Amino acid sequence: MSYELITLDVADRIATITVNRPDKLNALNSGTIAELGRAIDEARERDDVGGVILTGAGRAFIAGADISGLAKSSVEAKALAQRGQVVFRKFETSPKPTIAAVNGFALGGGCELAMACHLRLASEHAKFGQPEVKLGLVPGYGGTQRLPRLVGKGRALQLLLTGEIIDAAEAFRIGLVNRVHPAGELIGAARTMLATMMANAPLALAGCIEAVNRGYDLPLEEANALEATMFGVLAGSEDMREGTEAFLAKRAPQFTGR
Ligand code: COA
């Protein structure tokens, strides 16, 4: 599949999706959103991919929605937000782990897309914020919903209402990012993290992601029931047999995803 505004490279079973409009700090125009949707679909479908890294070319991760394309009618703007939300949700519901390697500005839609990924690793130069209020807007790609889920309502409202930009250390302190790395080590750290995950059983990874995503908004009793069903389904998998046999035989497991 060919792309113009992003790149997709696969190596060692890791798909790296790079937003590639560095002269516009990788701002998300509608073409970029559409290509991101195709790229995550491709990564989810390809048998030679076990995990995904999302990053940005140049000095930014993604500096937000492309402001030059925001002047629309209310109906068009709502449709724009909905199209983006569908694409971002594909990263969140990917059965293969998705890691945002935040190499610079992650503002507005950039912060929102990072939050839709399963983990966020940041370079020490990364900056985060939801500055939409400065433009007379609210976030449109899930920011008002995922930010409080990640950092708590009070901290989320502080970021949303001030529009302030915080550095990587502060983002780590409030739980917005999982880890902070020197810039030159960011992609390597993301690859190492994914390799650690991908050494585990693929169906178990997909099960954890689905249980967390679907269970998060359910009452605890229903969420626990979902988890028990997932546990039962996985107990019948070949990989569960392989994992337990390998443990007892004191050897490394060979998982096949079945
Ligand atoms: N949409 C469209 N273009 C953007 C953009 C965005 N969200 N963010 C940056 N750009 C463009 C700039 O217009 C500029 O283009 P130009 O060279 O053709 O003039 C280029 O990217 C470089 O940005 P610049 O502002 O010159 O860099 P800077 O280092 O001075 O500032 C930021 C960096 C991120 C602080 C600043 O670009 C900014 O505030 N961007 C908007 C962030 C935002 O509000 N995002 C939420 C949108 S809903």
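The values are calculated or read from the model by the stated rules, or taken from the named source; none is laboratory data. All of these numbers come straight from a predicted model, not from anything done at the bench. Methodologically, a virtual Cβ is constructed for each residue, glycine included, from the backbone with ideal geometry; neighbour enumeration extends over all protein chains shown. Please note that ligands, DNA and RNA were not included when accessible areas were found on the heavy atoms of the full protein model with its side chains. Shrake-Rupley method; radii C 1.70, N 1.55, O 1.52, S 1.80 Å.
A few notes on this one:
- Residue in segment 97-112 that is open to solvent by 50 Å² or more (accessible area, probe 1.4 Å), more than 9 Å from the ligand (Cβ to nearest atom) and either in the same structural domain as Arg191 (by TED's automatic domain parsing) or assigned to a helix (DSSP H, G or I) (or both) present: no
- Any chance Glu132 is farther than 28 Å from Val233 by Cα, part of a helix (DSSP H, G or I) and touching a helix residue (DSSP H, G or I) at 6+ places or on another chain (Cβ under 9 Å): yes
- Summed over segment 149-158, residues that are open to solvent by 40 Å² or more (accessible area, probe 1.4 Å) and within 16 Å of Ala114 (Cα to Cα) total 2.
- Flag for Val138 being more than 16 Å from the ligand (Cβ to nearest atom) and of a type in the set (A, V, I, L, M): no
- Residue match in segment 159-180 (condition: surrounded by fewer than 16 Cβ atoms within 10 Å (Cβ to Cβ), part of a helix (DSSP H, G or I), away from the ligand (no atom under 16 Å from the Cβ) and of a type outside the set (D, E, K, R)): yes
- Failed criterion for Arg13 (all others in (1) open to solvent by less than 60 Å² (accessible area, probe 1.4 Å); (2) in contact with a Gly (Cβ under 8 Å, 6 or more places away or on another chain) hold): (1)
- Among the residues of segment 217-238, the ones that are outside any helix (DSSP H, G or I) and under 26 Å from the mean Cα position of the chain (by Cα) come to 3 in all.
- Filtering segment 121-132 to residues that are open to solvent by 10 Å² or more (accessible area, probe 1.4 Å) and more than 10 Å from the ligand (Cβ to nearest atom) leaves Glu124, His125.
- The residue list Gly236, Gly232 contains one member that is outside the structural domain of Arg44 (by TED's automatic domain parsing) and open to solvent by less than 60 Å² (accessible area, probe 1.4 Å), which is Gly232.
- Being within 16 Å of the ligand (Cβ to nearest atom), open to solvent by 10 Å² or more (accessible area, probe 1.4 Å) and either within 18 Å of Gly129 (Cβ to Cβ) or modelled with pLDDT under 95 (or both) holds for only one residue in Ala57, Ala63, and it is Ala63.
- If you check Gly140, Gly104, Gly129 for being of a type outside the set (D, E, K, R), at pLDDT 95 or above and over 24 Å from Glu35 (Cβ atoms), only one passes: Gly129.
- Some residue of segment 191-214 being acidic (Asp, Glu), open to solvent by 60 Å² or more (accessible area, probe 1.4 Å) and in a helix (DSSP H, G or I): yes
- Criterion violated by Glu124 - all others in (1) touching a Pro at 6+ places or on another chain (Cβ under 8 Å); (2) within 22 Å of Leu28 (Cα to Cα) satisfied: (2)
- Hits in segment 135-147 - residues which are part of a helix (DSSP H, G or I) and either over 16 Å from Leu107 (Cα atoms) or open to solvent by 70 Å² or more (accessible area, probe 1.4 Å) (or both): Leu135, Gln145
- Residue list for segment 239-258, restricted to those being hydrophobic (A, V, I, L, M, F, W, C) and part of a helix (DSSP H, G or I): Met240, Ala246, Phe247, Leu248
- Residue selected from segment 24-37 under the condition touching a helix residue (DSSP H, G or I) at 6+ places or on another chain (Cβ under 9 Å) and away from the ligand (no atom under 16 Å from the Cβ), by the criterion least open to solvent (accessible area, probe 1.4 Å): Gly37
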